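The next block holds one structure in the form of structure tokens; read it before the comments.
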Amino acid sequence: MSNNTPENPPANHPSGAPWRNFYGRFKGKGLRPSQEGYLEEDLAALSPGAVSWEENPERHALDLPAVFGDRDIWLEIGFGGGEHMVHQAEQNPDVGFIGCEPYINGVAMLLGKIRKAQTDNIRIHAGDARDMFDVLPDASLSRAFLLYPDPWPKKRHHRRRFVTQEHLVPLAAKLKQGAIFRVATDIEDYVRQTLEEVPRAGFEWLAESAEDWRTPWQDWISTRYEQKAHREGRTPHYLTFRKL
């Protein structure tokens with residue numbers, strides 16, 4: 001008899017992939033016809049390469065110079081509706097951006113924004129960031145963003161948060177020495193866990209005063225998640241770390 005449960009899954013998926021529980025949503029309300037069109041017409045062309053286990057069972061590393069040339073590369077983990085990513089891509093045309101987002105409605109929203117902005121420096125993985133970590137070359141990223149991640153507020157669910165060693169250790173391996181990791185959240189307990197776990201994975205927190213985490217970054221654009229936090233009376237925190 002198998003002892004496998006949702007909290008104690010088998011070691012590997014039948015495809016050979018490590019069995020990684022995923023607790024978020026893949027799809028919400030129905031997509032508009034225009035969004036269906038974005039997904040059908042644009043998504044494949046904006047792939048950074050073979051990321052999924054079905055496409056790349058040998059887990060060969062992505063050829064990032066073939067995609068971005070000699071640009072610095074920045075990664076956004078869970079880009080939501082994509083407003084921050086498009087803003088950064090417009091402000092930094094000499095940087096290559098990779099975004100990971102399993103929620104297909106958010107992917108469709110980003111594709112619509114890319115069409116409108118006509119940016120050419122964004123690539124998208126519509127899936128789990130952990131699969132991206134498998135195939136990114138080590139020390140290939142100059143910056144990473146984790147902006148208003150799912151808070152998983154119940155204590156028994158805290159291990160589902162991104163800021164655990166399961167996620168942070170492989171992220172750290174993909175960041176260059178001195179690379180910047182930004183985290184924005186309005187959940188105080190998420191701040192606590194972030195400040196405990198991120199340094200353990202090889203980062204230093206760069207705040208020197210309270211204003212450093214209270215004040216948005218100079219190149220920040222407020223997202224819909226942040227606007228919701230303000231409406232509901234929660235305080236955003238802006239945490240900046242450097243890879244040691």
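Quick one: with all protein chains in place, what share of the accessible area of segment 89-244 is carbon or sulfur, to the nearest percent (1.4 Å probe)?
Working: 3450 of 7220 Å².
Result for segment 89-244: 48 percent of the exposed heavy-atom area is carbon or sulfur.
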Obtain the radius of gyration and the Kirkwood radius of segment 200-244 from its C-alpha atoms and give Rg over Rh. 1.04
By its C-alpha gyration tensor, with a ≥ b ≥ c as the square roots of the eigenvalues, how is segment 36-84 shaped: rounded for a/c under 1.5, else prolate for a/b larger than b/c, else oblate? oblate
I'm checking a number: the convex hull volume of the Cα atoms of segment 155-244, normalised per residue, in Å³. What is it? 112 Å³
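Determine the order of Val67, Val191 by accessible area, beginning with the largest, at a probe radius of 1.4 Å. Working shown, then result.
Working: Val67 40, Val191 15 Å².
Putting Val67, Val191 in descending order of accessible area: Val67, Val191.
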Rg to Rh, two decimals, where segment 28-113 supplies the alpha carbon set and Rh follows Kirkwood: 0.97
Under 5 Å from the placed amide H of Ile122, counting only residues 5+ away or on other chains, we find Phe97
Count charges around Ser222 for me, please; just the other residues with Cβ under 11 Å from its Cβ, Lys/Arg as +1, Asp/Glu as -1. 0
For segment 111-204, what is the Kirkwood hydrodynamic radius in Å, using each pair of distinct C-alpha atoms? 14.7 Å
Sort Glu166, Glu58 by accessible area with a 1.4 Å probe, largest first. Glu58, Glu166
Might you tell me the accessible area per residue for the chain, computed with a 1.4 Å probe and given in Å²? 51 Å²
With unit charges on the beta carbon (Lys/Arg positive, Asp/Glu negative), name the residue among Val169, Tyr190, Ile180 whose Cα is farthest towards the positive pole of the charge dipole of segment 125-190. Tyr190
Output ordering of 102-112, 85-95 (per-residue mean of other Cβ within 10 Å, highest first) is 102-112, 85-95
The chain - percent relative contact order, Cα under 8 Å, separation 6 or more: 17 percent
Based on the Cα atoms of segment 34-175, what semi-axes does the equivalent ellipsoid have, where each is the square root of 5 times one gyration tensor eigenvalue, given in whole Å with the largest first? 22, 19, 15
Beyond 16 Å, what share of the Cα-Cα pairs of segment 171-215 is found? Please give it as a whole percent. 41 percent
DSSP loop trypsin sites (Lys or Arg not before Pro) with at most 10 other Cβ within 10 Å: longest gap in the chain: 30-153
Bounding extents of the chain in its principal axis frame from Cα atoms, largest first in Å, are 52, 48, 39
How much accessible surface area, in Å² rounded to 10, belongs to the heavy atoms of Glu55 with a 1.4 Å probe? 120 Å²
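The values are calculated or read from the model by the stated rules, or taken from the named source; none is laboratory data. Since this is a predicted model, take the numbers as computed values, not measurements. Virtual Cβ from ideal backbone geometry, glycine too; neighbours counted across all protein chains shown. Heavy atoms of the whole protein, side chains included, go into the accessibility calculation; ligands, DNA and RNA do not. Shrake-Rupley method; radii C 1.70, N 1.55, O 1.52, S 1.80 Å.
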